[in-house]
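Worksheet: one structure, shown below.
The values are calculated or read from the model by the stated rules, or taken from the named source; none is laboratory data. What you are looking at is a predicted structure, and each value in this text was computed from that prediction instead of being measured. Cβ sites come from the backbone with ideal geometry, for glycine too, and all protein chains shown count toward neighbours. These area figures cover heavy atoms from the full protein model, side chains too; ligands, DNA and RNA do not enter into them. Shrake-Rupley method; radii C 1.70, N 1.55, O 1.52, S 1.80 Å.
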Amino acid sequence: MDGDMAGKSDITADFKQLKVQKLSREGSLSLHVADQLEALIVNGGIGVGEKLPTENGLCDVFGVSRTVIREAITHLKSLGLVETRRGVGTTVLRSTSVEAMPAKRISPTTVEDILHVLELRLNLEPAAAALAAERHDEEDEHTLVEKHAAFIEARAAKSQAREEDYEFHYAIAAATKNPFFKMFYEQLSQGVIPRAKLMSIEINTAATDKYLARVEEEHTYILEAILARDPEAAREMMYQHLNRARTMYAKYQEA
């Protein structure tokens, strides 16, 4: 075993000494993993500058798939707690979260509307993503890839990417082959996208790129799960995507 592999094994062995729980199949697995990792970081169990085990090491510790671990790490990155660099691994950056927020402030009425829509989406779209994974055809695959690329291009152009965000989710609804999922999106139109409800004076321009980078990464994982015809992973990725948004926008009620 070379030095690099030995180092990774040591990290995993040390990590196993910390108190983590293997997970049941109930609830959001990636959220449970992320919550435990976040608690370890915030409480000093994993120090700033220390590395997390590899994906395979974390899979072994928690008893979950790489997809679950990858989504959990994405959540930690969205909180600014860790960074992942190719060839280096995932390193703890800080012990307190600094989540990018899309707006400086939002009116109470607007926040309530956003949360109501997200609540509805959370009860529909994970199922839609799972069905899309099972039922999509070659044309759907082309459309999904095209819409995801359009979102990436719009973000690179420093736009809010509202239309591109909507069209990506609409393409998933269409791939279910159930016309009522499409009707849901057509009736609400871009109003399903929380940013579409924000006034320009409310938008936090400085944080927009970081916020949309997280959305792009989450879309990537949803797309990969759908194209891999993995309905459970697609359901999980979509749930995490929408639940993260709901949790974030709920913070505006506390302000």
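In the stretch 221-245, what residues are open to solvent by 20 Å² or more (accessible area, probe 1.4 Å) and at pLDDT 90 or above?
Residues of the stretch 221-245 open to solvent by 20 Å² or more (accessible area, probe 1.4 Å): 221, 224, 227-232, 235-236, 239.
Matches in the stretch 221-245: Glu224, Leu227, Ala228, Arg229, Asp230, Pro231, Glu232, Arg235, Tyr239.
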*asked:* Kindly evaluate Arg85 against the criterion of being at pLDDT 85 or above, in contact with a helix residue (DSSP H, G or I) (Cβ under 9 Å, 6 or more places away or on another chain) and under 21 Å from Glu218 (Cβ atoms).
replied: no
*Would you check which residues across the stretch 178-200 are assigned to a loop (DSSP other than H, G, I, E, B) and surrounded by 15 or more Cβ atoms within 10 Å (Cβ to Cβ) and list them?*
Asn178, Ile193, Leu198
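Answer yes or no: is there a residue in the stretch 152-164 that is in a helix (DSSP H, G or I), within 16 Å of Val192 (Cα to Cα) and not basic (Lys, Arg).
Here is the first cut: in the stretch 152-164, the ones in a helix (DSSP H, G or I) are 152-156, 162-164.
Now narrow it down to the ones that are within 16 Å of Val192 (Cα to Cα): 162-164.
Among the residues that remain, those that are also not basic (Lys, Arg) are: 163-164.
Yes, some residue in the stretch 152-164 is in a helix (DSSP H, G or I), within 16 Å of Val192 (Cα to Cα) and not basic (Lys, Arg).
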_Out of Ala127, Ala171, Ala175, Ala157, sole residue that is over 19 Å from Arg214 (Cα atoms), small (Gly, Ala, Ser) and either touching a His at 6+ places or on another chain (Cβ under 7 Å) or open to solvent by 60 Å² or more (accessible area, probe 1.4 Å) (or both)_ = Ala175
*Could we say that Thr91 is crowded, with 17+ Cβ neighbours inside 10 Å and β-branched (Val, Ile, Thr) here?*
no
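Every residue, every condition in (1) farther than 16 Å from Thr220 by Cα; (2) within 20 Å of the chain's Cα centre (by Cα); (3) open to solvent by less than 50 Å² (accessible area, probe 1.4 Å), yes or no:
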{"residue": "Val48", "(1), (2), (3)": "yes, no, no"}
{"residue": "Val64", "(1), (2), (3)": "yes, yes, yes"}
{"residue": "Thr67", "(1), (2), (3)": "no, yes, yes"}
{"residue": "Glu71", "(1), (2), (3)": "no, yes, yes"}
{"residue": "His75", "(1), (2), (3)": "no, yes, yes"}
